[in-house]
There are 4 protein chains.
Amino acid sequence: MRTDIPTLIQALRDFAAARNWAQFHAPKNLACALSVEAAELLEHFQWLSEEQSRHLSADKQAQVAAEAADVLLYLLQLCDKLDIDLLEAARLKMLVNAQKYPATAAGGTQ
Amino acid sequence: MRTDIPTLIQALRDFAAARNWAQFHAPKNLACALSVEAAELLEHFQWLSEEQSRHLSADKQAQVAAEAADVLLYLLQLCDKLDIDLLEAARLKMLVNAQKYPATAAGGTQ
Amino acid sequence: MRTDIPTLIQALRDFAAARNWAQFHAPKNLACALSVEAAELLEHFQWLSEEQSRHLSADKQAQVAAEAADVLLYLLQLCDKLDIDLLEAARLKMLVNAQKYPATAAGGTQ
Amino acid sequence: MRTDIPTLIQALRDFAAARNWAQFHAPKNLACALSVEAAELLEHFQWLSEEQSRHLSADKQAQVAAEAADVLLYLLQLCDKLDIDLLEAARLKMLVNAQKYPATAAGGTQ
């Protein structure tokens with residue numbers, strides 16, 4: 001079964017409501033949690049070389065996937081609280097990036 | 001025009017390829033960038049009260065949306081490099097969370 | 001027994017040398033570890049109100065102290081690798097801040 | 001002129017008091033700011049290889065030093081608010097680490 005972003009957002013709303021967690025979910029707190037989860041994801045890579053990071057074991061990959069999921073789930077909750085359309089924001093940001101980093105001028109530096 | 005996750009992933013691949021950025025996009029580096037963007041998002045909230053964070057100005061909301069977009073864009077690139085299906089990982093994580101935090105037992109603590 | 005910064009730096013050098021860890025301690029990796037430890041510290045506060053964060057239990061305070069120590073230890077190792085005099089950098093930064101935020105003009109905003 | 005940790009702590013107290021910033025300096029907020037500064041430091045390294053991170057330009061090194069200073073300054077303020085003796089916490093943490101990672105068993109893994 002496939003899922004999509006609107007389905008996840010509704011599931012997150014139901015999940016928080018069933019646990020009376022709305023009180024904790026101020027945008028500020030969700031932004032903290034998002035940052036903490038991003039760091040937990042980074043922790044898996046901190047002592048790896050770049051090359052090693054391209055070839056994770058299946059077990060490590062599964063752990064990273066779970067952390068990536070946590071990042072997405074907090075990001076969706078944060079955007080939901082702030083009435084931000086995340087996919088639309090991402091589409092707009094890519095347009096901004098295309099202006100900021102023209103393909104012909106970039107030449108392999110970042 | 002609406003966008004969706006697969007469209008964003010393809011656009012990100014094309015964008016990086018046109019700029020010869022694949023060399024920089026080791027999963028380790030993308031995990032660093034993800035963490036940095038999550039912190040830039042947090043920065044908007046660090047001196048706000050929880051209550052203030054629930055009522056952002058339109059200008060502040062737009063800035064937060066742009067940072068949220070950056071978080072998503074790096075998260076998608078990281079998952080793409082690691083062959084992680086982010087939406088499926090999120091769906092699975094919600095099942096794990098439902099086991100870990102039963103609705104009846106949670107009672108408003110987190 | 002009191003300790004001080006130079007003593008800690010020397011102890012950290014000896015500790016890493018005895019474990020053959022210099023190979024892992026590239027500044028980039030230490031910067032990752034620093035960021036991860038700062039997030040672990042933040043995790044203790046993410047669901048607390050500001051007021052609650054001012055009154056930690058003794059147990060929580062001890063946990064936060066251990067995370068704060070980790071932040072300092074990675075920060076010292078990073079600066080040591082980069083030949084940065086951390087205390088001097090902090091002294092200079094305070095002079096910069098005094099210019100940037102004049103006391104008379106600040107008036108309780110940040 | 002050399003500085004030391006107690007001198008910095010007192011200067012930070014005076015600085016915040018002169019600007020009426022105590023109201024913003026709940027431990028939770030300082031923990032956010034600490035995490036944000038650690039990420040700003042990390043940002044300097046995110047696209048560098050480990051080898052490049054060992055050889056920063058003088059300009060880059062100065063920028064990293066300023067970020068490292070910010071990390072220390074927020075860490076000191078956080079510990080001051082929570083009555084944590086940071087140097088003592090670091091000394092204790094090194095004893096814990098020595099137990100956790102015996103020198104003879106470590107053998108170059110981390």
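The values are calculated or read from the model by the stated rules, or taken from the named source; none is laboratory data. Here the structure is a predicted model, which means the values were calculated and not measured. Here the Cβ positions follow ideal geometry from the backbone for every residue, glycine too, while neighbour counts run over all protein chains shown. Please note that ligands, DNA and RNA were not included when accessible areas were found on the heavy atoms of the full protein model with its side chains. Shrake-Rupley method; radii C 1.70, N 1.55, O 1.52, S 1.80 Å.
Quick notes on this one:
- Residues satisfying the stated conditions in the stretch A:87-106, i.e. of a type outside the set (Gly, Ala, Ser) and more than 8 Å from chain B (Cβ to nearest Cβ): A:Leu95, A:Gln99, A:Lys100, A:Pro102, A:Thr104
- Unmet requirement for C:Ile84, which otherwise passes all of (1) part of a helix (DSSP H, G or I); (2) more than 13 Å from chain A (Cβ to nearest Cβ): (1)
Residue by residue, here is whether (1) more than 8 Å from every other protein chain (Cβ to nearest Cβ); (2) more than 17 Å from the chain's Cα centre (by Cα); (3) free of Cβ contacts under 8 Å to residues at least 24 places away in the same chain holds:
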{"site": "D:Phe15", "(1), (2), (3)": "no, yes, yes"}
{"site": "D:Ala18", "(1), (2), (3)": "no, yes, yes"}
{"site": "D:Gln23", "(1), (2), (3)": "no, yes, yes"}
{"site": "D:Pro27", "(1), (2), (3)": "no, no, no"}
{"site": "D:Cys32", "(1), (2), (3)": "no, no, yes"}
{"site": "D:Val36", "(1), (2), (3)": "no, no, yes"}
{"site": "D:Trp47", "(1), (2), (3)": "no, yes, yes"}
{"site": "D:Tyr74", "(1), (2), (3)": "yes, no, no"}
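- Residue in the stretch B:59-66 that is open to solvent by 40 Å² or more (accessible area, probe 1.4 Å) and facing chain A (nearest Cβ under 7 Å) present: yes
- C:Lys28 under 24 Å from C:Leu87 (Cα atoms) and basic (Lys, Arg): yes
- Test for D:His44: is it open to solvent by less than 50 Å² (accessible area, probe 1.4 Å) and within 28 Å of C:Trp47 (Cβ to Cβ): no
- Residue within the stretch C:19-28 that is open to solvent by 60 Å² or more (accessible area, probe 1.4 Å) and in contact with a Gly (Cβ under 9 Å, 6 or more places away or on another chain) present: yes
This table checks each residue for (1) closer than 22 Å to A:Phe45 by Cα; (2) not aliphatic (A, V, I, L, M).
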site	(1), (2)
D:His25	no, yes
D:Leu30	no, no
D:Leu34	yes, no
D:Glu50	yes, yes
D:Tyr74	no, yes
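- Filter pass, B:Gln77 being open to solvent by less than 40 Å² (accessible area, probe 1.4 Å), under 25 Å from A:Ile84 (Cα atoms) and outside any helix (DSSP H, G or I): no
- Residue check, A:Val71 open to solvent by less than 10 Å² (accessible area, probe 1.4 Å), among the β-branched types (Val, Ile, Thr) and either within 17 Å of B:Asp85 (Cβ to Cβ) or modelled with pLDDT under 95 (or both): yes
- Unique match (being surrounded by fewer than 20 Cβ atoms within 10 Å (Cβ to Cβ) and either in contact with a Lys or Arg (Cβ under 7 Å, 6 or more places away or on another chain) or not acidic (Asp, Glu) (or both)) among D:Ser53, D:Ser35, D:Ser49: D:Ser49
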